[in-house]
Amino acid sequence: MKRFILLLLPLTLFSADLVKEVRHELVTLPYYGVFDNLSYRVDGSKVTLFGQVREPKLKSDAEKAVKSIEGVSAVDNQIEVMPLSPMDDQTRLAVYRAIYSKPNLQRYQMGAVPPIHIIVKNGDVTLEGVVANQMDKDVAGIAAKGVGSAHKVNNNLRTDSAK
């Protein structure tokens, strides 16, 4: 006679579902925009948040949203809040205009959170996100480098094929 042991495990999200749920919670935050960058890592039931935001409220809202997900046991919030700077704000807008004025990049402007994120800290610009191809990545980088107030440009854009 065979014996079977029934283990009752708490109902939690599986890892793939947890990753999707974390992503969903982050991209639907009300103040998350083109000048913010959020990323994360899921290790079992622990979530580590990374990125840069302009508003401290967005940092705390991201942590609260992720903590509320069933199956998340801990959140390590390593999101950096950018310093307040009128010069950086001007650079953000100038880079935004430079990138989204390019005809082949205008399609990325659609949607609540455009896929090209422009991060500016002390005049240094970093482009984050995903574009369709290498040409779009290169055009965005060249446009950002053409902004006079941008000291240095790091083009960290990824292409769809590099996902």
- Message: Suppose we filter ASP36, ASP61, ASP76, ASP43 for residues that are under 19 Å from the mean Cα position of the chain (by Cα) and modelled with pLDDT under 95; which single one remains?
- Response: ASP43
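I'm checking my understanding of the structure. Among residues of the stretch 46-58 that are exposed (fewer than 15 other Cβ atoms within 10 Å of the Cβ) and of a type outside the set (Phe, Trp, Tyr), which one is farthest from the chain's Cα centre (by Cα)?
Applying the filter and picking the extreme gives LYS46.
Condition check ((1) under 19 Å from ALA94 (Cβ atoms); (2) surrounded by fewer than 18 Cβ atoms within 10 Å (Cβ to Cβ)) across all residues:
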| residue | (1), (2) |
| --- | --- |
| ILE118 | yes, no |
| GLU128 | yes, no |
| VAL131 | no, no |
| LYS137 | no, no |
| GLY141 | yes, no |
| VAL147 | yes, no |
| ASN155 | yes, yes |
- Residues in the stretch 102-159 that are polar (S, T, N, Q) and closer than 25 Å to MET87 by Cβ: how many? 7
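Using the structure shown, decide if VAL72 is touching a residue at least 24 places away in the same chain (Cβ under 8 Å), in the same structural domain as VAL147 (by TED's automatic domain parsing), surrounded by 14 or more Cβ atoms within 10 Å (Cβ to Cβ) and aliphatic (A, V, I, L, M). Walk me through it before giving the result.
Working: touching a residue at least 24 places away in the same chain (Cβ under 8 Å): yes; in the same structural domain as VAL147 (by TED's automatic domain parsing): no; surrounded by 14 or more Cβ atoms within 10 Å (Cβ to Cβ): yes; aliphatic (A, V, I, L, M): yes.
For VAL72, the condition - touching a residue at least 24 places away in the same chain (Cβ under 8 Å), in the same structural domain as VAL147 (by TED's automatic domain parsing), surrounded by 14 or more Cβ atoms within 10 Å (Cβ to Cβ) and aliphatic (A, V, I, L, M) - is not met.
The values are calculated or read from the model by the stated rules, or taken from the named source; none is laboratory data. Only a predicted model underlies this, so the values are computations on that prediction, with no experimental measurement involved. Cβ coordinates were reconstructed from backbone atoms using ideal geometry, including for glycine residues, and neighbour counts include every protein chain displayed.
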